[in-house]
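Computed from the coordinates by the stated procedures, all read-outs in this text should not be read as laboratory data. This one's a predicted model, so the numbers in the text were calculated from it and none came from an experiment. No Cβ is skipped: glycine too gets one built from the backbone with ideal geometry, and neighbour counts run over all protein chains shown.
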């Protein structure tokens, strides 16, 4: 079959950043130029690549060395499409706004910037009549943002729950499958290139929180910023937590959970809100997210009409992320050739973002208690007083000599799994348990998600 030929003046593409992702974008723009031209209807011409150091050896890239420049501010003024893959807030934001002011559509992979300044960038795009696309900002190669923003635009999304950080998934997977401790698993992830030398953004949940803000904003037509996302990392996840999950046929994952809640207000009228949180949780191995291994990402979506949808694939890396970037480049380039624009910001619902205490979840609580009559009654009372219902209780007697207790006194190990309740009530229950004289220690608390 003869390939369709594109005609007309080339569309000028400027690339900001030439790291792992930027290098893949540049290479793919050159190597696939004919296919991209046929798909767009016009050739795509790479007119410049903004870098921090122009003298660095980049001979491995199939691009003209004269394209590299340190003057990003000038570069964005002479492009039709600007691709931003430098990350961070500044100078990325100023460069994007300048590109839009000069009439360029923008493709970005910058989750931190979009979580912080998404509404302002949408407003700038609307003001200047250009597109803002950012599929690569969440879950790398996995097409998830456009399906939520466009394919499900006629449906009501109820919940988005995902593994959106490959580093933490790799660490937790190795803790589960090999018995490694947290520090050892992180070191292995670093050795394989899955984790940065400073893994704080990943293991403390900052990266996932920014992505959760983007997902929630799109799914619920509500502005959600990164600082509105409740965040816990995985640094406190222990081998005992992983083992406890295994005993329940569960696995521990760092989950980004975005959920719409519909309740009745004090006045009896229906009210709705959005809960957005990132934290480690136990999830059944039978759940689609329970089988996501290594550094892969996956996002599970529940919608009224579409039902349950699963998106799975590589969530990071140069080529996978570049695939998502180039998909957006083709989309915005087609708009410039054929006219029209992609969707802008949709925040009409303007739902309140609920505090973590209002989120409905379940707890897995491990307790060391004295083995004597009345202990279970005291524990049950603490739950009842906070209006938390118990789903299961498991008890194991521990011999005092084995436990190191003086006089060989025995103690018991209790594991309690609750029914769903507001997180504030669950947290208050844990505090009440810790104050009981029969409870020696609350050894572990972890949320439980999934059916």
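Observations
- Against the chain, whose longest principal axis comes from its Cα atoms, helix 318-338 is set at around 50 degrees.
- Relative contact order (%) - criterion: Cα under 8 Å, at least six apart; region: the stretch 1-98: 36
- Angle between the chain longest axis and helix 20-31 axis [Cα atoms, degrees, rounded to 10]: 40
- The listed peptides 93-102, 341-350, ordered by packing as a protection proxy, come out as 93-102, 341-350 (highest mean of other Cβ atoms within 10 Å first).
- Taking the centroid of alpha carbons for each part, the stretch 352-368 and the stretch 37-61 are 48 Å apart.
- Packing, taken as the mean count of other beta carbons within 10 Å per residue, orders the peptides 42-52, 103-113, 209-219 from highest to lowest as 209-219, 103-113, 42-52.
- Between helix 375-385 and the chain there is an angle of about 50 degrees, using the helix long axis and the longest principal axis of the Cα atoms.
- Remark: the chain is approximated by an ellipsoid whose semi-axes, taken from the C-alpha gyration tensor as √(5λ), come to 48, 25, 17 Å, largest first.
- Sorting 161-168, 316-323 by average packing, meaning the other beta carbons within 10 Å per residue, from highest down gives 161-168, 316-323.
- With contacts taken as Cα pairs under 8 Å at a separation of at least 6 residues, the stretch 54-197 carries a relative contact order of 14 percent.
- Alpha-carbon spread of the stretch 149-315, three principal axes, descending order, Å: 51, 33, 32
- Cα convex hull of the stretch 314-447 - mean projected area over all directions, nm²: 14.2
- When only Cα pairs below 8 angstrom with a gap of at least 6 residues are kept, the chain shows a relative contact order of 16 percent.
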